[in-house]
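What follows is calculated from the coordinates using simple rules that are stated; it is not laboratory data. On a predicted model such as this, the values are computed, not experimentally measured, just so you know. We place every Cβ from the backbone using ideal geometry, glycine too, and count neighbours over all the protein chains shown.
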């Protein structure tokens, strides 16, 4: 029992670090507002509405106004899990590396990509965001397309300075070719575009960048599971997102690790992982998101 607890304490921080390194949307987790959990998978968000200014005459009373506050219940729709098993002798013969490696790779290769893909698809399908369906971009058209996205965000009075520009790996290549640089006698050249007009630029693998995805059931051990692009889904060229406009909720139960001694059905290490999560766009902040997708 003591050995199992020690291993769990050792593995869990490593798994969390691996997710943060692999996910491109995790940077917006900490910017999501604190929320109240009204139930196992329900988030309660407090919303307010109020009137604007009215005419005021000297000596008269202030014009009365209302402030209406209400709690909106948002139900987390994605409940996902998987169990992995590693035989005791397989782990022992790899000096304890098999179990840690498999668990870590699962977080990096399976969990992080699915969370990213789910969130982008959710934001891309939200009513009211800015959307452009255009022809395939190129190095000669990409900057104009991004300028149009910036103009939309400015017109909605969203804070462009806090926005993040997510681009597909292909569009990142167009950006690198479009930005003009003056080179002197440097013996090395860095063409990476890490920010554009003050906005961080994050490259997203196209396999995570769709307007709609399907979450596979993965009900059996041999089933692939994970996610796939929906039949009606489109490839995303880029998204301009104000992190303050989105709510990324992750009710994350810590991974459960059982040693072969605790496992009463087989001589295996067991890694159980489950997560309740979802992503939402605030009704009053839909103007902080702009989508450019392929035709």
By what distance, in whole Å, do the Cα atoms of the range 164-236 stretch along each of the three principal axes, largest value first? 59, 24, 18
Against the 2.2 N^0.38 Å rule of thumb, the C-alpha Rg of the range 229-273 sits at a ratio of 2.14
With label points built 7 Å along Cα→Cβ from the Cα atoms of residue 70 and residue 108, find their separation and express it in nm. 4.7
Pairwise FRET efficiency - residue 223 versus residue 148, Cβ, R0 = 41 Å, nearest 0.05: 0.45
Using 0.36 nm times the number of residues separating residue 77 and residue 214, minus their current alpha carbon distance, what extension gain do you get? 48.1 nm
Please identify which residues in the range 59-83 have an amide N closer than 20 Å to a label point set 7 Å out from the Cα of residue 272, following the Cα→Cβ vector. 78-83
Against the empirical 2.2 N^0.38 Å scaling, what ratio does the C-alpha Rg of the range 155-295 come to? 1.46
Once you place label points 7 Å from the Cα toward the Cβ at residue 17 and residue 62, how far apart are they in nm? 5.4
Please list the three semi-axes, largest first and in whole Å, of the ellipsoid equivalent to the range 111-195, using sqrt of 5 times the eigenvalues of its alpha carbon gyration tensor. 27, 18, 14
I need the peptides 205-212, 190-197 ranked by packing, meaning the mean over residues of other C-beta atoms within 10 angstrom, with the highest value on top. 205-212, 190-197
Of all the C-alpha pairs in the range 101-156, what % are more than 18 Å from each other? 58
Find the centroid of the Cα atoms in the range 262-279 and in the range 138-214, then give the distance between the two in whole Å. 39
Please report, in whole Å³, the volume per residue of the convex hull around the C-alpha atoms of the range 252-295. 158
Suppose each label sits 7 Å from its Cα in the direction of the beta carbon; what would the residue 139-residue 87 distance come out to in nanometres? 5.3
